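Report on the following structure.
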């Protein structure tokens, strides 16, 4: 067996793998069609913007100031206002889930406003979903400021805090969600592709025949990964086009850094899939392990749903061994910011180390099988 890495043998394995891919429409659909469908579906389905909140209003005062308050709430796209007779009716409606919040205006509200006294209205919130309730409370606080400016003739305060949102001026949740879905879909598909296709060769016995040839383990790994790397880049290009053209997500970063981070991420996840396929050697088992090792960590520990900074210390350290955690940081930063290399150095270094680790683990396992 030759002691040197042979590019000719590696290209032969890649060419063989490309022929398998062309004859397998399922692989093509999984690598190109599935990411497109998933990003479209979840991109539209996952929306953190809260609109049309069911707001119940019990106006027991029926004065001009109370009517102005109701008009402001009704004119907001955040709320869908329904009137109820009393505070008791509002509480009962919240208990029956016919609304998410209620505003109760007691008699005397208008008189207090006209007299310059502090006027108050009671707000009832459905706290079953605390994050949703917090968002609704912030919307009501904004409405309160608008009403206060309309109802009072007091001079403006000498100090005012003006808020400006950087990197996402309109707070469009698609700008945050779509790059995250991008990472989840690409990572899962890349892991599944290599795990299932290589496991199939173990089941059919063709891998044992390949291992009996002079081909070295590293040549097998590189030869197997290269075609799926190219195929995955096709999926990445489609998903990127969807993000830019359909969801209008800007891309402000350096394309070279995006290409580099994507290459490292794909190499790490595909090497992880190779390790799974070598250990399991069965397609069904490889699928289950790849889903459990890919889907749950990527969704829960990558920062896609929950910020890594808000996790307990143990889980923050655990996320460091998950490639998607670093690629998520890179992708969101490259899409929405214009980061320099210093900002990207840490996640790029982490992806490089993880890629080397999974490649070495896959090579070690192949070497053990080839040289018992």
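The values are calculated or read from the model by the stated rules, or taken from the named source; none is laboratory data. Keep in mind the model is a prediction, meaning the values are calculated, not measured. Here Cβ is always computed from backbone atoms with ideal geometry, including for glycine, and neighbour counts include all displayed protein chains.
Some values worked out for this structure:
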| read-out | value |
| --- | --- |
| Residue match in the range 300-320 (condition: modelled with pLDDT under 85 and under 30 Å from residue 221 (Cα atoms)) | yes |
| Of the criteria (1) under 15 Å from residue 322 (Cβ atoms); (2) buried (at least 19 other Cβ atoms within 10 Å of the Cβ), which one residue 306 fails | (2) |
| Any hit, the range 269-284, residues being modelled with pLDDT of 85 or more and under 19 Å from the mean Cα position of the chain (by Cα) | yes |
| Residues located in the range 234-262, provided they are within 19 Å of the chain's Cα centre (by Cα), in contact (Cβ under 8 Å) with a residue 24 or more places away in the chain and not in a loop (DSSP other than H, G, I, E, B) | 235, 236, 238, 239, 240, 242, 243, 246, 258, 261, 262 |
| Contacts under 8 angstrom Cβ, first residue in the range 55-77 being surrounded by fewer than 16 Cβ atoms within 10 Å (Cβ to Cβ), partner at pLDDT below 85 and in a loop (DSSP other than H, G, I, E, B), 6 or more apart | 77/51; 77/52 |
| Residue match in the range 24-44 (condition: touching a strand residue (DSSP E or B) at 6+ places or on another chain (Cβ under 8 Å) and exposed (fewer than 12 other Cβ atoms within 10 Å of the Cβ)) | no |
| Subset tally (residues that are modelled with pLDDT of 85 or more, under 33 Å from the mean Cα position of the chain (by Cα) and not in a strand (DSSP E or B)) for the range 97-111 | 3 |
| Residue list for the range 309-338, restricted to those being surrounded by fewer than 18 Cβ atoms within 10 Å (Cβ to Cβ) and either under 13 Å from the mean Cα position of the chain (by Cα) or in a loop (DSSP other than H, G, I, E, B) (or both) | 311, 312, 337, 338 |
| Flag if residue 61 is more than 35 Å from the chain's Cα centre (by Cα) and over 30 Å from residue 109 (Cβ atoms) | no |
| Given (1) touching a strand residue (DSSP E or B) at 6+ places or on another chain (Cβ under 7 Å); (2) crowded, with 16+ Cβ neighbours inside 10 Å; (3) assigned to a loop (DSSP other than H, G, I, E, B), index of the condition residue 94 fails | (3) |
| Residue selected from the range 164-206 under the condition in a helix (DSSP H, G or I) and without any contact (Cβ under 8 Å) to a residue 40 or more places away in the chain, by the criterion nearest to the chain's Cα centre (by Cα) | 201 |
| Failed item, numbered, when residue 120 is tested on (1) surrounded by fewer than 18 Cβ atoms within 10 Å (Cβ to Cβ); (2) in a helix (DSSP H, G or I); (3) touching a helix residue (DSSP H, G or I) at 6+ places or on another chain (Cβ under 9 Å) | (2) |
| Helices (runs of 4 or more DSSP H) contained in the range 1-54 and holding at least 3 residues out of contact with any helix residue (DSSP H, G or I) (no Cβ under 8 Å at 6 or more places or on another chain) and without any contact (Cβ under 8 Å) to a residue 12 or more places away in the chain | 7-22, 34-45 |
